[in-house]
Structures are given as structure tokens and as C-alpha cells.
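For reference, the structure discussed in these notes is given below.
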Amino acid sequence: MSEQESLYPQPANDHEQKKSISRRAFIRNAALATAGFYIVPRHVLGRGYVAPSDKLIIAGIGAGGKGGDDLRHFYATGKVEIAYLCDVDDRQAQDSLKRWPKAKYYHDWRELFDKEHDHFDAVDVGIPDHNHAIVAFHAMQLGKHVYVQKPLTHDIYEARMLTEAAKRYKVVTQMGDQGASSDGVRQLREWYEAGIIGEVHTVYCWTNRPVWPQGIPWPDKKPPVPKGLNWDLWLGTAPYREYEDNVVPFNWRGWWDYGTGALGDMGCHIIGPVFKVLGLEYPTEVNCSVSTPYVTNWTEAYYPDSGPISSVIHFKYKTKKGNQVKLVWMDGGIQPERPEELGPNEIMGDGGNGVIFIGTRGKMMCATYGENPQLLPTVLTKEVNVPQKYPRVPGGADGHYGQWVDACLAGYGNMEVDSPFVGYAGPLTECVLMGNLAIRSFNYREPNSNGRGYRYPGRGITLEWDGPNMRVTNFDPANQYIRRTYRQGWPDLSF
């Protein structure tokens with residue numbers, strides 16, 4: 001395609017002036033591409049039809065790190081061809097390029113989609129949080145099945161848009177929270193639905209994250225960009241900044257422009273089992289407390305670019321049964337009080353992470369991903385038997401990848417997955433990001449009227465949340481954190 005025919009406008013910044021196309025042209029070309037010559041899904045051709053390729057052809061956006069790990073899991077099923085690789089950092093892509101030497105390599109996902117959209121079936125999105133949504137959304141507009149790493153998106157609005165896109169474009173979707181397919185989550189559901197612990201009213205979730213620097217100021221050293229890294233493409237939708245060491249390839253998680261902090265990193269893995277067991281959707285209210293660094297005596301530091309060292313977040317939900325559930329999230333190594341039923345030498349959760357469900361008749365506990373489910377006291381775990389209600393996924397949590405592959409090959413609507421955007425991954429991600437909205441509201445400040453110092457009006461209050469309309473109803477400054485403005489030149493999420 002020529003630049004004028006390109007499906008995606010190119011980003012503009014202070015350093016480059018690139019052409020862009022109109023929104024009308026983008027929609028027109030995206031529609032043409034959706035109706036174009038990509039491999040026809042089996043559900044369109046009819047049951048029993050053997051497609052030109054009996055394998056799922058995948059384009060991997062993010063060839064290193066977690067993206068590369070996802071691709072290895074897909075390939076291990078024996079039902080996948082890794083046909084395209086895309087990464088903004090040649091250094092991170094090297095292992096995947098050696099593993100799949102026949103895969104065509106791109107740096108810019110928009111160019112890959114422009115040129116190759118008729119040659120692949122599905123897209124794996126394994127890149128930093130701030131660019132998840134834009135890639136996944138436009139892949140779905142092209143009729144591609146998508147697998148997206150957790151958290152599904154960087155912003156609440158993006159999560160809602162990906163959920164709506166999944167409904168509209170009827171593609172197979174899966175978030176990369178592999179614990180959703182674990183045996184442990186199914187065991188917890190079976191205990192709960194059998195009434196073993198009664199009605200759950202309180203849940204504690206905790207993690208030892210962050211295990212990267214947070215609660216720090218943005219550095220100002222401005223080192224040179226390493227060879228092999230396209231910093232402008234890495235920034236993508238985020239505001240332009242000069243390159244800084246120790247952001248790529250991992251520590252971006254601690255910066256709000258790119259990552260979603262401890263909660264974004266582990267929330268879907270730890271809160272996810274709670275959603276599965278209790279059938280939660282949107283919280284009704286949330287409040288939090290956040291660790292506060294000080295630069296001198298009585299002088300609070302203000303680092304708005306970075307997540308906190310630790311936080312405690314209190315959510316309230318109404319279940320489908322109409323019951324109220326309190327969910328307490330703790331990070332930075334903070335943990336809840338040990339249950340009395342747990343012996344002094346027994347590990348709570350997995351030591352650094354875990355979940356405790358407190359019901360009207362008893363308690364149960366699990367580790368990250370819903371693993372090692374136990375009734376409390378733990379002797380009950382082997383003594384209590386309930387019928388197996390939910391079929392297990394072959395391979396458990398590792399089977400999460402093959403489940404998506406099989407669902408894609410079967411065609412939309414012919415096979416269920418454990419973390420679809422609609423009904424699970426989208427609402428779960430919105431909940432997780434609602435916690436970050438509370439953290440950022442806690443640190444929101446305004447100058448005092450006398451011109452001396454600041455006040456923090458988001459502290460000491462509860463944010464009331466209108467989930468269907470994505471809005472805090474009692475503290476308007478919080479609503480600025482629901483949706484980002486993408487950097488000029490990057491296509492928005494619009495139907």
C-alpha cells in the first residue's frame with residue numbers, strides 16, 4: 001500500500017513530521033481490509049471444512065519478554081505457525097527471530113497490518129500496557145482473533161472499548177491471565193457453589209509487588225537511545241519524553257504513562273479468581289490509602305509520574321444475588337491478618353501473594369492464579385469432597401494458551417475460553433484500573449487559596465462509581481484518569 005492508502009496514520013512529534021490520513025479514509029480502508037482476503041475462518045466455511053492451512057497463523061506484536069513467552073506456548077501446541085514478528089527493540093526480539101527464522105519481521109505494527117492483513121488469522125499482543133488497546137482494537141477491526149496480555153488495557157475506557165469491539169467484530173478473544181484456566185479456580189468455585197463456606201462477604205487479596213522502583217521522580221540524565229531500540233515507536237500512544245535508562249524493557253511498569261503499577265501487574269492474576277468464584281462485575285465504591293514518601297521533615301514528596309511504594313484499596317460490590325461483598329487489595333508487601341484457622345507454620349497464600357475468602361460458614365484460601373486452593377483449617381481440604389462440576393482444561397493454567405488456539409481454529413461462537421473480553425476480562429480489567437484511579441485521586445492535589453502549599457481533596461473520601469457509565473459521581477477530578485488522550489497521529493478507538 002502507498003502511504004496515502006495506509007490503514008493507519010503515522011505519529012507526529014516534535015522530531016518528525018509525517019503524513020497522516022483522515023479518519024474517514026481510515027474507517028473506509030479498515031472496512032475494506034475486514035472484507036478482504038485474509039484466510040477465511042472455519043466457521044464461515046462450515047463445519048468439517050479443511051481450510052487452506054490447518055494451523056492458526058499468528059502475528060506476534062512483541063517478540064521479546066512476555067510476548068516471546070506467549071508465542072512459545074502457542075507454538076508448543078503444534079497447531080500454530082508464527083508467521084510474523086513485530087518489535088520496536090531488536091535486542092529483545094533476537095531469541096524469537098532465531099526460533100522462527102522464516103517469520104517476517106517488522107518494527108511497526110501498523111505497517112505489518114497494512115501489508116500483511118490478508119496473510120494471518122490472529123494476533124498476540126505482548127507489549128507494554130499503554131499500547132495494548134490500540135493494537136488489539138485495530139486487529140479486531142481487521143477480523144483477527146486476539147490474545148492480549150494482562151491487564152487487558154491501560155485505561156478503563158480502553159477496556160470498555162475492547163469489550164465492545166469483541167462483541168461487534170465477533171472474534172475469539174483471550175486475556176493472558178492463565179490462572180483463569182487453572183484447576184484451582186475450578187475447585188474454589190465448586191466448594192463455594194456447594195455452600196461449604198456459606199455466602200462470602202469479605203475477600204483479602206495481596207501481593208509483594210512492586211518488585212521494581214516506584215514512588216520515585218522521573219530521572220533527568222537524558223542518555224542516548226540504545227542501538228536497536230526505536231524509542232518513538234516504543235512510546236506509541238504515550239506523551240513524548242526523552243529516552244531514559246531503566247524504563248525499557250521492564251521498569252516501565254512503575255510509570256503511569258506506560259504501566260499500571262503493582263495492581264495492574266498482579267491484579268488480574270489475584271483478583272481474577274475472586275471474579276470467577278463470586279461472579280463479580282463493577283464495584284459500587286472504592287477508597288484507598290497510599291504510602292507517602294517525604295523529602296525532608298514534614299515535606300511530602302510529589303512524584304505524580306510514578307506509582308506508590310505500597311497501597312491498600314477497599315472495593316465494595318453487589319453480587320448477582322444482591323449480596324454485598326467487600327474486597328481489600330494490599331500491595332508493596334502489606335498483608336492481611338492471618339486467619340486464626342491457619343497454623344503458625346503454615347504459609348498464607350504463597351508467601352508473597354494470595355487470596356482469602358471469608359464466608360458466613362467458613363473460609364478458603366489460594367495462591368497466585370488460584371493455585372493451591374485450601375479450605376481453612378487446611379485439614380478440611382482433604383476431608384471435604386464435592387462433585388466435580390467444571391471440566392478441567394488440559395494442562396491447567398498452561399492450557400490457557402492452547403484453549404485460545406483451539407477456539408480460534410473452531411471459529412467464533414463454537415468453543416468457550418476462560419478469559420474472554422466480554423463478560424470477564426473486560427469487567428475484571430475495569431475493576432483493577434478503578435483501583436488505580438483511586439490511587440491517583442489520592443495523590444491529586446490543588447494549590448491552597450492562600451498560595452502556600454497544596455491540599456489533597458481526594459484523600460479521606462470514598463469514590464462512588466457508576467460502572468455502566470464509567471464515571472465517579474462524587475469527585476469529578478477523578479474522572480480525568482478514566483481515559484487518556486493519545487499522542488497526536490495515533491488512531492483512536494472509534495467504531
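For residue 268, the accessible surface of its heavy atoms amounts to roughly 0 Å² (probe 1.4 Å, protein chains only, rounded to the nearest 10). For the chain, the direction-averaged projected area of the alpha-carbon convex hull comes to 25.8 nm².
Modelled spin-label separation between residue 495 and residue 225, with each label point placed 7 Å from Cα along the Cα-to-Cβ direction: 3.7 nm.
Under the simplified labelling scheme, the residue 464-residue 104 pair shows an inter-label distance of 5.5 nm, with each label point 7 Å from Cα along Cα→Cβ. With every protein chain left in place and a probe of 1.4 Å, what is the accessible surface of residue 360, to the nearest 10 Å²? Near enough 100 Å² of accessible area.
The P(r) of the stretch 154-237 has a tail past 22 Å containing 65 percent of all C-alpha pairs.
In the context of the full protein assembly, residue 193 retains an accessible surface of approximately 80 Å², using a probe radius of 1.4 Å and ignoring ligands and nucleic acids.
Computed over the chain, relative contact order equals 20 percent, with contacts defined as Cα pairs under 8 Å that lie 6+ residues apart. If you take the alpha carbon atoms of the stretch 71-112 and fit the smallest convex hull around them, that volume is 68 Å³ per residue. Largest first, the residues 281, 383 sort by 1.4 Å accessible area into 383, 281. Spin-label pair residue 79-residue 328: with each label point 7 Å from Cα along the Cα-Cβ axis, the two points sit 4.3 nm from one another. Between residue 232 and residue 168, full extension at 0.36 nm per residue minus the direct alpha carbon distance yields a gain of 19.9 nm. For trypsin sites (Lys or Arg not before Pro), the sites in the stretch 218-248 that DSSP calls loop and that have at most 13 other Cβ atoms within 10 Å are 221, 227.
Annotation: the stretch 326-392 has a Kirkwood hydrodynamic radius of 13.1 angstrom, from the mean reciprocal C-alpha pair distance. Please list, by residue number, every one of the trypsin sites (Lys or Arg not before Pro) in the stretch 277-333 that is coil in DSSP and has at most 10 other beta-carbon atoms within 10 Å. For trypsin sites (Lys or Arg not before Pro) across the stretch 277-333 that sit outside H, G, I, E and B with at most 10 neighbouring Cβ atoms in 10 Å, the list reads 320, 321.
Bridges between two residues of the chain, per DSSP, are antiparallel at a rate of about 60%.
Each Cα pair under 8 Å and six or more residues apart adds its sequence gap; the mean of these over the residue count of the stretch 215-267 is a relative contact order of 27 percent. Note on the chain: with neighbouring protein chains present and a 1.4 Å probe, carbon and sulfur make up 49 percent of its accessible heavy-atom surface.
The values are calculated or read from the model by the stated rules, or taken from the named source; none is laboratory data. Note that the coordinates shown come from a computational prediction; the quantities given were computed from them, not determined experimentally. We place every Cβ from the backbone using ideal geometry, glycine too, and count neighbours over all the protein chains shown. The area values use the complete protein model at the heavy-atom level, side chains included, leaving out ligands, DNA and RNA. Shrake-Rupley method; radii C 1.70, N 1.55, O 1.52, S 1.80 Å.
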